[in-house]
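See below for the structure under consideration.
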Amino acid sequence: MILLTGFNPSGKLKSDPSGEIASLLDGSIFRGNEIKGICLDLAYDSVNEFCLNSRTGQYDYIINLGLDIGKPSILLEKGAIIRSDDNSLDFWNIPKPKQSPFEIFTSLDIEGILNSLRSARIPARIAPNHDSSLINRLYYSSLVLSDGRAILVGLPATPEISVKGDVPVLDLESMIRAVELTVQKII
């Protein structure tokens, strides 16, 4: 089973493509692998509850989706970093790695995913590590829970979010296709 996480709209946003995609693909089957799509609130309590209720080995793969307004392309995150003063992992019962800094990387073929997206003419690039603390914590937790078989996919704004045209956008259909290609590449 593949877990696909997204977020509910927050703040002034009326939509969040990450949550829309997680909901749309929930229950889909790719090469015999079911997708379990869930939407979280963009709040520490929601992410904490998800992490507390998840267990190692529950999912074969985890794809975390997050809105990254202002970025012109899909961002594939290599890894997650937890700062040495972040005690949230103790709360979640997730061990910190022994080496310092507390960093973990995906074991998935991120270059292969990137090439697949670019071949489909979907703008994409690899980013070193996500820097948003809440989404970074979720990704870190996903990497630990899946033994590295997780990826964070940052999504640009949709045209509906950028009503003034002041930020780069990508249509929802291209984002859905990007997630489908990611799933196909990892299974």
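If you take the residues of the range 98-120 that are out of contact with any strand residue (DSSP E or B) (no Cβ under 8 Å at 6 or more places or on another chain) and more than 19 Å from I186 (Cα to Cα), which of them is modelled with the lowest pLDDT?
First pass over the range 98-120, keeping only residues out of contact with any strand residue (DSSP E or B) (no Cβ under 8 Å at 6 or more places or on another chain): 98-100, 107, 109, 112, 115-116, 119-120.
Filter again for more than 19 Å from I186 (Cα to Cα), leaving 98-100.
Details: K98: 60, Q99: 57, S100: 51.
Out of the qualifying residues, it is S100.
Within the range 109-127, can you find the residues that are hydrophobic (A, V, I, L, M, F, W, C) and outside any helix (DSSP H, G or I)? Working first, answer last.
Narrowing the range 109-127 to residues hydrophobic (A, V, I, L, M, F, W, C): 110, 113-114, 117, 120, 122, 124, 126-127.
Within the range 109-127, A120, I122, A124, I126, A127 meet the criteria.
Here is a list of conditions, (1) of a type outside the set (S, T, Y); (2) modelled with pLDDT under 85; (3) within 27 Å of K12 (Cβ to Cβ), and P128 meets all of them except one; can you say which number that is?
(3)
Can you name the residue in the range 54-72 that is among the small types (G, A, S) and either modelled with pLDDT under 90 or surrounded by fewer than 14 Cβ atoms within 10 Å (Cβ to Cβ) (or both) and is also farthest from E34 (Cα to Cα) among such residues?
Step one: list which residues in the range 54-72 are among the small types (G, A, S), which gives 54, 57, 66, 70.
If we keep only those that are either modelled with pLDDT under 90 or surrounded by fewer than 14 Cβ atoms within 10 Å (Cβ to Cβ) (or both) too, we end up with 54, 57, 70.
On the way: S54: 17, G57: 15, G70: 32 Å.
This residue is G70.
If a residue has to be at pLDDT 90 or above and either charged (D, E, K, R) or not in a loop (DSSP other than H, G, I, E, B) (or both) to count, how many in the range 148-170 make the cut?
Of the residues in that region, 9 qualify.
Going through L181, L143 one at a time, which residue ends up being touching a residue at least 24 places away in the same chain (Cβ under 8 Å), in contact with a Ser or Thr (Cβ under 9 Å, 6 or more places away or on another chain), of a type outside the set (S, T, N, Q) and surrounded by 22 or more Cβ atoms within 10 Å (Cβ to Cβ)? Working first, answer last.
On the way: L181 fails: surrounded by 22 or more Cβ atoms within 10 Å (Cβ to Cβ).
Going through L181, L143 in turn, the sole match is L143.
Taking the conditions exactly as written (modelled with pLDDT of 75 or more and either surrounded by fewer than 21 Cβ atoms within 10 Å (Cβ to Cβ) or out of contact with any Leu (no Cβ under 7 Å at 6 or more places or on another chain) (or both)), does V47 satisfy them or not?
Details: modelled with pLDDT of 75 or more: yes; either surrounded by fewer than 21 Cβ atoms within 10 Å (Cβ to Cβ) or out of contact with any Leu (no Cβ under 7 Å at 6 or more places or on another chain) (or both): no.
Considered against the rule, which asks whether it is modelled with pLDDT of 75 or more and either surrounded by fewer than 21 Cβ atoms within 10 Å (Cβ to Cβ) or out of contact with any Leu (no Cβ under 7 Å at 6 or more places or on another chain) (or both), V47 comes out as no.
Residues being surrounded by fewer than 22 Cβ atoms within 10 Å (Cβ to Cβ) and among the hydrophobic types (A, V, I, L, M, F, W, C): count how many of those fall in the range 147-169.
Here is the first cut: in the range 147-169, the ones surrounded by fewer than 22 Cβ atoms within 10 Å (Cβ to Cβ) are 147-149, 158-169.
Now drop any that are not among the hydrophobic types (A, V, I, L, M, F, W, C), which leaves 161, 163, 167, 169.
Of the residues in the range 147-169, 4 are surrounded by fewer than 22 Cβ atoms within 10 Å (Cβ to Cβ) and among the hydrophobic types (A, V, I, L, M, F, W, C).
Could you please give the count of residues in the range 20-39 that are touching a residue at least 40 places away in the same chain (Cβ under 8 Å) and closer than 19 Å to L172 by Cα?
6
The values are calculated or read from the model by the stated rules, or taken from the named source; none is laboratory data. No experiment lies behind these values; they were computed from the predicted model shown. Quick reminder, even Gly has a Cβ in these numbers, built from the backbone with ideal geometry, and neighbours come from all protein chains shown.
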